[in-house]
Every structure is written in structure tokens, then in C-alpha cells.
1. Considering segment A:46-60 alone, what residues qualify as being closer than 15 Å to A:Ser7 by Cβ and either assigned to a helix (DSSP H, G or I) or within 6 Å of DNA strand B (Cβ to nearest atom) (or both)?
2. Exactly one of (1) surrounded by fewer than 21 Cβ atoms within 10 Å (Cβ to Cβ); (2) over 14 Å from A:Trp106 (Cβ atoms) is unmet by A:Ser65. Its number?
3. Considering segment A:24-55 alone, what residues qualify as being within 14 Å of A:Gln10 (Cβ to Cβ) and acidic (Asp, Glu)?
4. Would you check which residues across segment A:61-109 are assigned to a loop (DSSP other than H, G, I, E, B), more than 17 Å from A:Ile31 (Cβ to Cβ) and away from DNA strand B (no atom under 14 Å from the Cβ) and list them?
5. Out of segment A:11-42, which residues are more than 11 Å from the chain's Cα centre (by Cα), part of a helix (DSSP H, G or I), more than 12 Å from DNA strand B (Cβ to nearest atom) and not small (Gly, Ala, Ser)?
6. Scan segment A:20-47 residue by residue and report those that are more than 9 Å from DNA strand C (Cβ to nearest atom) and loosely packed, with under 14 Cβ neighbours inside 10 Å.
Amino acid sequence: MKNVPKSNFQSTVYSVVASIPRGSVATYGQIAELAGRPGAARAVGTCMRNNKDTHTVPCHRVVASNGTLAGYAYGDGLSTKKKLLQKEGVSFKTNGTTVDLKANQWQPKRSR
DNA sequence: CGACTGACCTCGC
DNA sequence: GGCGAGGCCAGTC
């Protein structure tokens, strides 16, 4: 059944990613920080790769710090990821592989 | 239990 | 502004 969190960290990461509102995107570093482990962006990516529930954990809403689509282990990869984001109302740059963070980056608390 | 990898991030040239 | 190397965290083999 769906994904079965083995570690607390993974569970936290899933909760954060699942908390991202539709039409917004968050960076790995931001998720890692919200998960309680700032700087563990790689660990977040590791968990996402093992993620089995793309519907419960919209990993496609997670992008790199610069807004570029890091990766996607489902569908056609980044192509599907980009398509999903566009369907949710996320704006993309001219290259077509970068998200407009200043317009779609998720802000959990409205700070900084 | 030990070591390598990986959907990253930041600094340097 | 683009390319390259190093470092940090967690997971999997």
C-alpha cells in the first residue's frame, strides 16, 4: 500500500512535499529545511527517488534551487514533470526546463 | 556493519 | 554567464 515511511525523516519530507499547494513549486533545499535537516537536499532527492506515491507526494512540484527540473523517475521523466507543472498553472522560462521561482516558488510561512 | 551512489547546493575559475 | 570540483545527508547494495 502506497509508500511506507521507514524513517521519520522520510515521513517528514513526504508531509512537506504533500503540503505544497497546487500551482506552486519548492526547492529541495527548502524542503530539507522544512523537514528539519537544512542542507540535506540530496537526502530529499534520495527519498523522492524511492517515493512510490506520486499522487500522495507530488514530487513533480519539487525543483532545483535555481528552478531547473532536477529529475523525475516516472512517466517520460522531466517531460512529464514539466507537463504536470504547466497543467497546475506553473510558469516556465523560455528554455522550457526552468520554473519561474520568483513567481511560483512556494512560501510556507511568508518569511525572509 | 561498511562503502558507494544520488532527483543537490555552493564556491571557484 | 557557463563549466568544474568539493561537501553534506540519507538511503540502498
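Where a number appears in this text, it was derived from the coordinates with a stated rule and is not lab data. These numbers come from a predicted model, not from an experiment. Glycine also receives a Cβ, built like all others from the backbone with ideal geometry; neighbour counts cover every protein chain displayed.
1. If the condition is that a residue be closer than 15 Å to A:Ser7 by Cβ and either assigned to a helix (DSSP H, G or I) or within 6 Å of DNA strand B (Cβ to nearest atom) (or both), then A:Thr46, A:Cys47, A:Met48, A:Arg49, A:Asn50, A:Asn51 are the ones that fit.
2. (2)
3. Passing the criteria: only A:Asp53.
4. A:Gly89, A:Ser91, A:Lys93, A:Thr94, A:Asn95, A:Gly96, A:Asp100
5. Those that are more than 11 Å from the chain's Cα centre (by Cα), part of a helix (DSSP H, G or I), more than 12 Å from DNA strand B (Cβ to nearest atom) and not small (Gly, Ala, Ser): A:Thr12, A:Leu34.
6. A:Pro21, A:Arg22
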